[in-house]
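S.K.: Sharing a structure with you now.
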Amino acid sequence: MSKLLINDNPLMVIPSLAVRIGMNEAVVLQQIHYWLQLSSHEKEGKKWVYNSYKEWQAQFPFWSESTIKRVINSLEKQGYLLSANFNQSKMDKTKWYTINYEMLGETESQIDPSTDQNEPLSESTCSIDEGELTKAIPEITTETSSEKIIPYADIIDYLNQKINASYKSTTKKTKEYIEARWKEGFRINDFKKVIDQKSDEWLFDPHWCKYLRPETLFGPKFESYLNQKGGKQKWREEDFDLHD
């Protein structure tokens, strides 16, 4: 039996919905609906899920990030998907999503259900109840960020370019520092800002340049560095509590 044919539970959509709003849009809307049923994030009387476009792409690996962005924008423009920002950090631009079930109900009343009955599926094919996805790709959010979506390599590559170094993104300790900050809600632009600010301040200082390293930049003082205002801030060695 071919490995390219499905014996497992696939992503499925209602054909008449796909005709009405687009195939890709129907797939994404079904996936978001699935996670909304499991979500514990309730805001303004609605349940929400949240992901960046890159994180959504990890759920739909058969699409490019730009395709997912285009599909989500289409759903927003059509009015089926509502978005907001409930992140604690103002710099975190990860969008939150919920479905406009009222509009979906109006669409449902306009669709002839007989259009989904032209070619009945055989009994051996995985079936779903209306609105239910039996098995979905695991949700990836800022609370469940994994090595697959934390951009360790992008962050370390940026650091290496800025300071002409050769740190490795696969080093266990380096990954632990980045992951700790990521779980606190900081994102790649925050890491780049800290790298920019501290490299501008320390790179040509013969004493402080040695602290341009992951364990210092991405350590407990990360947020302090991120929010450092103009001018060079004076630090004492004991402030770092690190060993060379």
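S.K.: For Asn100, list long-range residues whose amide hydrogen, built 1.01 Å from N in the peptide plane, is under 5 Å from its own amide hydrogen.
M.R.: Placed amide hydrogens put Leu81, Leu82 under 5 Å from Asn100.
S.K.: Sticking with this structure for a sec: Determine the shape class of segment 170-228: with a ≥ b ≥ c the square roots of the Cα gyration tensor eigenvalues, call it rounded for a/c under 1.5, and otherwise prolate if a/b is greater than b/c, oblate otherwise.
M.R.: Working: a/c = 2.26, a/b = 1.41, b/c = 1.60.
Taking the square roots of the gyration eigenvalues as a ≥ b ≥ c, segment 170-228 is oblate.
S.K.: Let me ask you something else. Just to check I understand the Karplus step: with θ = phi - 60° and J = 6.51 cos²θ - 1.76 cosθ + 1.60, what whole-Hz values come out for segment 158-172, glycine and proline as x?
M.R.: 5, 4, 4, 5, 5, 10, 6, 10, 9, 5, 9, 7, 8, 5, 4
S.K.: Just how far, in whole angstrom, is segment 25-90 from segment 146-180 if you go by their alpha carbon centroids?
M.R.: 27
S.K.: Let me ask something else. Points 7 angstrom from Cα along the Cβ direction at Ala153 and Lys172: gap in nanometres?
M.R.: 2.2
S.K.: Please report, as a whole percent, how much of the solvent-accessible surface of segment 13-57 comes from carbon and sulfur atoms (probe radius 1.4 Å). Please list the in-between numbers first.
M.R.: Values: 1100 of 2070 Å².
It is 53 percent, rounded to a whole number.
The values are calculated or read from the model by the stated rules, or taken from the named source; none is laboratory data. What you see is a predicted model; the values in this text were computed from it and never measured. Heads up, the Cβs are rebuilt from the backbone with ideal geometry, glycines too, and the neighbour counts pull from every protein chain shown. Side chains included, ligands, DNA and RNA excluded: accessible areas come from the protein's heavy atoms. Shrake-Rupley method; radii C 1.70, N 1.55, O 1.52, S 1.80 Å.
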